[in-house]
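Enquirer: Supplied in C-alpha cells, the structure appears directly below.
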There are 2 protein chains.
Amino acid sequence: MSKEELTKITLPEEMIPKFWYNVQADMPTPLAPGLNPKTRKTLTPADLEPIFARELIAQEVSQERYIEIPAPVRELYKKWRPSPLFRARGLEKALDSGCRIYYKYEGISPVGSHKLNSALPQAFFNKAEGIKRVTTETGAGQWGTALSLACQLFGLECMVYMVRVSYQQKPYRRIIMETYGGKCVASPSTLTISGRAELARHPDTPGTLAIAISEAVEDAVSRDDTHYSLGSVLNHVCLHQSVIGQEVKMQMEIRDDYPDIVIGCCGGGSNFAGIAFPFIPDKRAGRKIRLIAVEPAACPTLTKGAFAYDYGDVVGYTPLLKMYTLGHDFTPDGIHAGGLRYHGESPLVSQLYHDGLIEAQSVLQSHVFEAALLFARNEGIVPAPESAHAISVGIKEALKAKAEGISKSIVINLSGHGMLDLAAYDSYLNGHAADIEFSDASLQESLKTLP
Amino acid sequence: MSKEELTKITLPEEMIPKFWYNVQADMPTPLAPGLNPKTRKTLTPADLEPIFARELIAQEVSQERYIEIPAPVRELYKKWRPSPLFRARGLEKALDSGCRIYYKYEGISPVGSHKLNSALPQAFFNKAEGIKRVTTETGAGQWGTALSLACQLFGLECMVYMVRVSYQQKPYRRIIMETYGGKCVASPSTLTISGRAELARHPDTPGTLAIAISEAVEDAVSRDDTHYSLGSVLNHVCLHQSVIGQEVKMQMEIRDDYPDIVIGCCGGGSNFAGIAFPFIPDKRAGRKIRLIAVEPAACPTLTKGAFAYDYGDVVGYTPLLKMYTLGHDFTPDGIHAGGLRYHGESPLVSQLYHDGLIEAQSVLQSHVFEAALLFARNEGIVPAPESAHAISVGIKEALKAKAEGISKSIVINLSGHGMLDLAAYDSYLNGHAADIEFSDASLQESLKTLP
C-alpha cells in the first residue's frame, strides 16, 4: 500500500501511557507548600484527609517522576484513548501560513472533554477507600459531566454545584449530568451555609467557581461517607492530565516532527498542564520550544494577577496555595467560556510561569469566537469556547510566523467540543458576545482581600 | 508488548474503503423502477436532472458492485474514518448475558452522526457540476447539520427546511447549522407554495419529513443554480453509507469474530443499509446472519405498512417509488426520535425485507429510553434517540440468547450521539416520554391516499 498523507495520527490502545508524568520531579524551583487555612502552618496530609482520598493526597506532594496508572483506570481510558492528533489541513489551507498546525482532540472522550482523564482516577481512588459519595463544583459543566460519569462507572453518588450563570446558560449540562446519574444544583444554592450567606450578600450574583467550591467542600466535610473532588488547579489533577502530552510526544515522533509551540487554554490550568508539562524536561535540557497558556482578557490570572498565597474558594475553606491570583473575592464577568472564570491558577503552572518556563497570553472574547468559527467551518469540529482560546492564539502565532517568513510547527490542545455550548455561538452570531473591558480598579479592590 | 484485551477495534486511515458497495448487484429481485409522478411512466435520468447531480442519478440506477470513492471525499472521510468498533464491555457486564456485544460508533464524526458519509459526496458531486446552492429537509437535525458542514467544506450554500416539531424541541440544531454557515427554517414555512398550503390546511401541524421534502424540492426546482439533496431513502445514499459495514467486516475479522446479528435503526433506512448491506452477499452465500431493522412503534413502516408505489413527499413532487409506506399523508406523532418519523422507507431496504433477507422490529419509546440510559451509564456515550432503537433491540436479543443459554455475537450501529438531544432525555427522566399507541384506524385512512 502506498504511503498516504495522514489527516490524524492515531496510536494503538497498547500505547496509552502506563504512568502519569509528574512535573514536580523536574522543576527548577520546588513548589511553596500549601498552608492550613486556619493555622497558616504548612499543610499536613491529615489536614486534607477529611476532603480527599489518601492516594490523591500522596500524589499531591509526590516528587516521583512517574506514577503508575491503576489498571481499572487505564482500562476505562481505552474508551477513547489514545486520542487522535489531527493535522489541521483545513485550517492550514484557510490561513495559508506555511505552518504545520496540529490539534490534540480530547473532545473525543464520551463526555466531550479532557476532564474524564482525572475524573476516572479520582472516582477510582475514592471508591477504593470506601467513600460512597463525591461532591464537586463545575463552571462550564465539563468537569461535572465527567465526574458524574466517572462516579456512575465506579458506583459512587455524585453531587455537583454548578456556577449559576452557566447553569442558566447551559440547561443541557444539567440534563447530561442527570443522564449519567449525577445530581446538579445551581450555585450559590440554599443547601449550604456558604451558599445561603452568598445569596444574602449578593442575591443576583452570577456565581463563581470560588463560591461553588466553598459549597462543595462544606457539603463534603459535613458527611463521613463523602469526599470532595476538584477538576483542575491541584497537582494531582495536572498529573492525571499528563497522558495528553505524553501521547502528543509519541504522535509527533511518528510524524517525524517536533513542536515549536504548544498551546492550551488556561482556567485552573489542568488541560494546559496536561499537554505542556511533558515537554518541560526537553525545554530544561535546552530544546527550543514555547509553551503558551491562554486565558480570557476578562479573567487574566497569569497576565495581570499577583503571585501570592490565596484561598481556592471564596469562604476560605480550602488550603492557602501560592499561585497567580486575582483575589478569591474576584467575580469575573459572565463570559461564555465559563470554565476559565477562575480567580486562581494551578500552583504548578504558576511556579513554572514565574520561572519563565511557560508563557501566557490573554485574548478577547470576540477574537475567540472569530477563531472558533473559522476552525469549525474548516475543520468540522465545533470547539468548546474554552478550547477556542487556544485556537485563537494558534492562529495568531501562525500568522505571525507567516509575516516573518518562517514555517513553524504548532500544537493546540483542543480540550473539548462545543456541542453543549451552542447557545454561546448563537449569542456570537447574533452580536451578543461583546468584549468585556477588564477593570483594573476592581482588580485592585479584589487583591486587597489577599490573606 | 503483551497482548492486551482491546476495548475498541480501530483501523489505520489507509483502510478507509476505496469503493462504495452497491447492493443492487447482489439482490435476488431487482428494484421496481421509479415512476414519473406526473406521467406515471418509468423514470428517466432526464426527469431527475433538475433535482440531482448527474453522477448521483447514475449511482441511483447503477448495477456495478463497487463504485470508486472520489479522492477529495475520501480525504475528508479521514477526519473521523475508519470509525471505531467498540466492544461494549460495560453493557455486557450489566446484562451478564454471555453475548459479545459490539457497537460501530458513527457519532465520532465531527457532526456527531453517520450522515456526513453521504453529505460529503453529495456536496462534492453537485459542486463538480457547477451547482452553487443545495436545499434539503431535516427531521432530527442530524442530516441538516451534516449537509451544512459538507456544503461549507466544498463552498456551496445550504438551505435546510427543518420539521417544525424538531425545530422547536432542538434549538441547538439550528444554531449548529448556522455555525457551519447553513440556513435553517422551520417547516412548513411561508417560503414555498407547498409550505403555505400546508399551513393553511393545518396551522398547528408539527410538520413531517414529507412536507419538508416538498418544500426543499420546490425551492430547488425553482432556481437554476440549486439542487436538492436527500439524506436517506434513495439508493445513492445507501451506497455512500456502505463504508460503515465494509469497515465492520474488516474489524470483526481482526477480532476473529463474525456477527450472528447486525442491528440498525431504520427511518428512511440509510444507517441500517450502511451497516447491513455489505453482509448481504455472505447471507445469500448461505452464511447464518440476521440483519434487523428497528423502527419506532409510533411509525412502523416495515412492520405495518404496505409494499406499494408511493410519493416520498406530501405534495407529490418526488418520483413514485415502490417501498413500504404508511401513506405519504401519514403524520406520525411527535416522538423524540425525529429522524425516524418518516412514512416511507428505502426501496432497497423494502425489497430486501420483502424478499426475507432482512428482518424488522418495532419498539416503544419508553423501552428505547430505558435502553439509552442503561447504555449511557455503562458505556459513557449518550446515544441519539434514533440509535437507541437499535440498542434496545440489541439488549433484547442478548437477553433472549441468555434465556436460551447461548452466546451470540451482536453488532449494533450506534449511528449518532445524543448531545443535541438532551431535551428528550430530560423529558424521559421527568416522565414525559409516554408510549404512543399506534392507531390502525389512522393508518387505514392514510393508506387510502396511496396513488
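Enquirer: Just how many % of Cα pairs in segment A:132-180 lie over 15 Å apart, if you round to the nearest whole percent?
Expert: Looking at segment A:132-180, the distances longer than 15 Å represent 34 percent of pairs.
Enquirer: For chain A, give me every cysteine whose Cβ has no other Cys Cβ within less than 4.7 Å, ordered by residue number.
Expert: Flagged as lacking a Cys partner: A:Cys99, A:Cys184, A:Cys238, A:Cys265, A:Cys266, A:Cys299.
Enquirer: With the alpha-carbon atoms as the only input, what is the per residue convex hull volume for segment A:1-42 in Å³?
Expert: Looking at segment A:1-42, the number lands at 188 Å³ per residue.
Enquirer: To two decimal places, what compactness ratio does segment A:275-330 give when its Cα radius of gyration is scaled by 2.2 N^0.38 Å?
Expert: Against the empirical 2.2 N^0.38 Å value, I get 1.44 for segment A:275-330.
Enquirer: Convex hull volume of the Cα atoms in segment B:380-439, per residue, in Å³?
Expert: So the per-residue hull volume is 134 Å³.
Enquirer: What percent of all Cα-Cα pairs in segment A:94-136 falls into each 5 Å bin, going from 0 up to the bin containing the maximum distance?
Expert: In whole percents, the pair-distance histogram is 5, 17, 17, 14, 13, 11, 8, 4, 5, 4, 3, 0.
Enquirer: If you place +1 on the Cβ of every Lys and Arg and -1 on the Cβ of every Asp and Glu, how big does the dipole about the Cα centre of chain A come out, in debye to the nearest 20?
Expert: Dipole magnitude for chain A comes out near 540 debye.
Enquirer: What net charge do the residues around B:Glu68 carry, taking every other residue with its C-beta under 10 Å from that of B:Glu68, with Lys and Arg at +1 and Asp and Glu at -1?
Expert: Summing Lys and Arg as +1 and Asp and Glu as -1 gives +1.
Enquirer: Taking the highest mean first, how do the peptides A:140-150, B:341-351 order by number of other beta carbon atoms within 10 angstrom per residue?
Expert: Final packing ranking: A:140-150, B:341-351.
Enquirer: What is the sum of charges around A:Tyr258, taking Lys and Arg as +1, Asp and Glu as -1, for the other residues whose C-beta is under 14 Å from the C-beta of A:Tyr258?
Expert: +3
Enquirer: Quick one: accessible surface of B:Leu153, probe radius 1.4 Å, all protein chains present, in square angstrom to the nearest 10.
Expert: For B:Leu153, the solvent-accessible surface is approximately 50 Å².
Enquirer: So what's the net charge close to B:His343: Lys and Arg +1, Asp and Glu -1, counting the other residues with Cβ under 11 Å from its Cβ?
Expert: -3
Enquirer: Can you give me the orientation-averaged projected area of the convex hull built on the Cα atoms of segment B:337-451, in nm²?
Expert: The number I arrive at for segment B:337-451 is 9.5 nm².
Enquirer: Pop the C-beta distance of B:Arg54 and B:Ser222 into the FRET formula with R0 = 22 Å and round what comes out to the nearest 0.05.
Expert: The value I calculate is 0.65.
Enquirer: Output the 0 to 90 degree angle, nearest 10, between the alpha-carbon long axis of helix B:385-403 and the longest principal axis computed from the alpha carbons of chain B.
Expert: The angle comes out near 30 degrees.
Enquirer: Still on this structure, I have one more. Given R₀ = 60 Å, FRET efficiency for A:Glu68-B:Asp435 by Cβ-Cβ distance, to 0.05?
Expert: For A:Glu68 and B:Asp435, the calculated efficiency is 0.75.
Enquirer: So in chain A, what percent of DSSP beta bridges are antiparallel if you round to the nearest 5?
Expert: The antiparallel proportion sits near 35 percent.
Enquirer: Report Rg(Cα)/(2.2 N^0.38 Å) for segment A:339-378, keeping two decimals.
Expert: Scaled against compact globular proteins, the figure is 1.56.
Enquirer: What is the Cα convex hull volume of the protein assembly as shown when expressed per residue in Å³?
Expert: Dividing the Cα hull volume of the protein assembly as shown by its residue count gives 161 Å³.
Enquirer: What whole number of Å gives the distance from the Cα centroid of segment B:120-199 to the Cα centroid of segment A:244-272?
Expert: 37 Å
Enquirer: Roughly what angle does helix A:116-128 make with the longest principal axis of chain A, taking Cα atoms, 0 to 90 degrees, to the nearest 10?
Expert: Between helix and principal axis, roughly 40 degrees.
Enquirer: Taking N as the number of residues in segment B:18-102, what value does Rg over Cα atoms divided by 2.2 N^0.38 Å take?
Expert: Its radius of gyration relative to the 2.2 N^0.38 Å reference: 1.68.
Enquirer: Further question: What's the ranking of A:242-252, A:168-178, B:14-24 by average number of surrounding C-beta atoms within 10 Å, highest first?
Expert: Most protected by this proxy first, the peptides run A:242-252, A:168-178, B:14-24.
Enquirer: Still on this model: Given +1 on the Cβ of Lys and Arg, -1 on the Cβ of Asp and Glu, and no further charges, what dipole in debye does the protein assembly as shown carry about its Cα centre, rounded to the nearest 20?
Expert: Result for the protein assembly as shown is approximately 980 debye, rounded to the nearest 20.
Enquirer: How well do other chains shield peptide B:377-383, expressed as the mean number of their Cβ atoms within 10 Å of each residue Cβ?
Expert: Average per residue, whole number: 6.
Enquirer: Suppose R0 equals 60 Å. What FRET efficiency, 1/(1 + (r/R0)^6) with r the Cβ-Cβ distance, do A:Ala128 and B:Thr29 give to the nearest 0.05?
Expert: Computed FRET efficiency for A:Ala128 and B:Thr29 comes out at 0.50.
Enquirer: Considering every Cα-Cα pair within segment B:61-204, what fraction, in whole percent, is farther apart than 25 Å?
Expert: 43 percent
Enquirer: Take every DSSP beta bridge whose two residues both sit in segment A:47-163, then give the antiparallel share in percent to the nearest 5.
Expert: Antiparallel bridges make up about 35 percent of those DSSP assigns within segment A:47-163.
Enquirer: A follow-up question, please. If you split all Cα-Cα distances of segment A:252-397 into 5 Å bins from zero, what percentages do you get per bin, shortest first?
Expert: Pair shares across the bins are 2, 10, 19, 20, 19, 14, 9, 4, 2, 0.
Enquirer: Can you tell me what share of the DSSP beta bridges in the protein assembly as shown is antiparallel? A percent to the nearest 5 is fine.
Expert: Around 35 percent of the beta bridges assigned by DSSP in the protein assembly as shown are antiparallel ones.
Enquirer: Please give the average number of partner chain Cβ atoms lying within 10 Å of the Cβ of each residue in A:219-225, rounded to a whole number.
Expert: Neighbouring Cβ atoms belonging to other protein chains average 0 per residue here.
Enquirer: How large is ³J(HN,Hα) for each residue in segment A:294-303, as worked out from phi by the Karplus curve 6.51 cos²θ - 1.76 cosθ + 1.60 (θ = phi - 60°), to whole Hz, x for Gly and Pro?
Expert: 10, 10, x, 4, 7, 8, x, 4, 6, 7
Enquirer: Can you give the average number of partner chain beta-carbon atoms within 10 Å of each beta-carbon in peptide A:298-308, as a whole number?
Expert: Counting other chains' Cβ atoms within 10 Å and averaging over A:298-308 gives 0.
Enquirer: Checking the table A:Lys93/A:Lys396; A:Lys115/A:Lys170; A:Lys104/B:Lys127; B:Lys127/B:Lys249; B:Lys396/B:Lys448 against a 23 Å threshold on Cα-Cα, which pairs fail?
Expert: A:Lys104/B:Lys127; B:Lys127/B:Lys249; B:Lys396/B:Lys448
Enquirer: With the convex hull built on the Cα atoms of segment B:168-244, state its orientation-averaged projected area in nm².
Expert: 6.7 nm²
Enquirer: May I ask you to work out the translational diffusion coefficient for chain B at 10 °C, viscosity 1.306 mPa s, via Stokes-Einstein with Rh from the Kirkwood sum over Cα pairs, reported in whole µm²/s?
Expert: 73 µm²/s
Enquirer: Output the 0 to 90 degree angle, nearest 10, between the alpha-carbon long axis of helix B:209-221 and the longest principal axis computed from the alpha carbons of chain B.
Expert: Between the helix axis and the principal axis of chain B, the angle is about 50 degrees.
Enquirer: Put +1 on the Cβ of each Lys and Arg and -1 on the Cβ of each Asp and Glu in segment B:16-58; which of B:Leu35, B:Tyr21, B:Pro45 then has its Cα farthest toward the positive end of the dipole?
Expert: Toward the positive end, the furthest listed residue is B:Leu35.
Enquirer: Name the chain A residue nearest the rotation axis between A and B, going by Cβ position, and give the distance in whole Å.
Expert: Per the A/B rotation axis, the closest residue of A reads A:Met419, 2.
The values are calculated or read from the model by the stated rules, or taken from the named source; none is laboratory data. No experiment lies behind these values; they were computed from the predicted model shown. All Cβ positions, glycine included, derive from the backbone under ideal geometry; neighbour counts span all protein chains shown. SASA here: full protein model, heavy atoms, side chains in, ligands and nucleic acids out. Shrake-Rupley method; radii C 1.70, N 1.55, O 1.52, S 1.80 Å.
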